[in-house]
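**Q** Submitted below is the structure of interest, expressed as structure tokens.
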Amino acid sequence: MGSRQINIGGVTPFSATDYPGKFATVVFVQGCPWRCGYCHNPHLQERTRTAQVPWDDVLALLTRRAGLIDAVVFSGGEPTTDPGLVRAIAQVKAMGFGAGLHTACVYPRRLELALPLLDWVGFDIKAPFAQYERITGVAGSGEHARECAAMIVDSGVPYECRTTIHPSLLAPHEILSLAMMLSALGVRNYALQQFRAQGCTDAVLGAAALDGYPGQRTLDAVGSLFEQFTYRRPG
Ligand code: SF4
């Protein structure tokens, strides 16, 4: 378990959309070694020497919000980047809050330590594992994602697996083969989310036409593979 304090880059005090069925405070953890073109929070990819929001201030905020929120969601950036993650989760659990995690499945060993403390995980799978580098820019990233996904599915912790889709990054037939692979891995709750231009610094991705993508036939075929399936368009 890490002993230093977690580096928080921002806080959303109240959210009804980041943890299904719960009111949550969302803390955005600094740091991510991957470089996805569609990243909504590129300002959180680098870790600063000191936290933008001291963790003690977050704990003080949570103390004031007792009774108003159900849970704390650790988002990012990539929360498993931070050596202080597991300790921070343990602290909010000790305060009586549920704990949720948004992860892109970057660091399996830290996820393994965090999972027993977590009440819910939203995890991203970006592409067929062999093609991960196309999205993340990092060789071997797909193997980390594969290991984390299997760990989450086997853990019994409630989860949603989700994939952000964009016509330049995943063709409809690739979406379907990814979904088949995830179904075979044991994923039962899956979401496809259309790329959102908001926050994205990649002008080429932002300018692409999304009409008719990925198409109803693909959505129906993907949906038939899972007990729960959600398709999200940009709101
Ligand atoms: S893994 Fe997530 S936080 Fe990291 S670059 Fe990709 S979208 Fe951004």
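The values are calculated or read from the model by the stated rules, or taken from the named source; none is laboratory data. What you see is a predicted model, and the numbers here were worked out from it, not measured in a lab. Neighbour counts run over all protein chains shown; Cβ positions are idealised from the backbone, glycine included.
**Q** Out of curiosity, is residue 208 away from the ligand (no atom under 16 Å from the Cβ) and not acidic (Asp, Glu)? Before you say what the answer is, go through the steps one by one.
**A** Details: away from the ligand (no atom under 16 Å from the Cβ): yes; not acidic (Asp, Glu): yes.
For residue 208, the condition - away from the ligand (no atom under 16 Å from the Cβ) and not acidic (Asp, Glu) - is met.
**Q** Here's something else I'd like to know. Looking at region 21-59 only, could you name the residues that are of a type in the set (D, E, K, R), more than 16 Å from the ligand (Cβ to nearest atom) and touching an Asp or Glu at 6+ places or on another chain (Cβ under 9 Å)?
**A** Across region 21-59, the qualifying residue is only 22.
**Q** What residue, of 21, 67, 77, is within 23 Å of residue 152 (Cβ to Cβ) and without any contact (Cβ under 8 Å) to a residue 40 or more places away in the chain? Working first, answer last.
**A** Details: 67 fails: within 23 Å of residue 152 (Cβ to Cβ); 77 fails: without any contact (Cβ under 8 Å) to a residue 40 or more places away in the chain.
Just one listed residue meets the conditions, 21.
**Q** Pull up region 69-99, narrow it to residues that are buried (at least 21 other Cβ atoms within 10 Å of the Cβ) and part of a loop (DSSP other than H, G, I, E, B), then point me to the one that is farthest from the ligand (Cβ to nearest atom).
**A** Taking the candidates together, the pick is 97.
**Q** Applying the selection to region 189-214, what residues are of a type in the set (Gly, Ala, Ser) and either at pLDDT 95 or above or touching a strand residue (DSSP E or B) at 6+ places or on another chain (Cβ under 9 Å) (or both)? Before the answer, list the steps.
**A** Initial filter on region 189-214 (of a type in the set (Gly, Ala, Ser)): 191, 197, 199, 203, 206-209, 212.
Across region 189-214, the qualifying residue is only 191.
Residues checked against (1) surrounded by fewer than 17 Cβ atoms within 10 Å (Cβ to Cβ); (2) under 21 Å from the mean Cα position of the chain (by Cα):
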residue	(1), (2)
178	no, yes
185	yes, yes
190	no, yes
193	yes, yes
200	no, yes
206	yes, yes
209	yes, no
213	no, no
216	yes, no
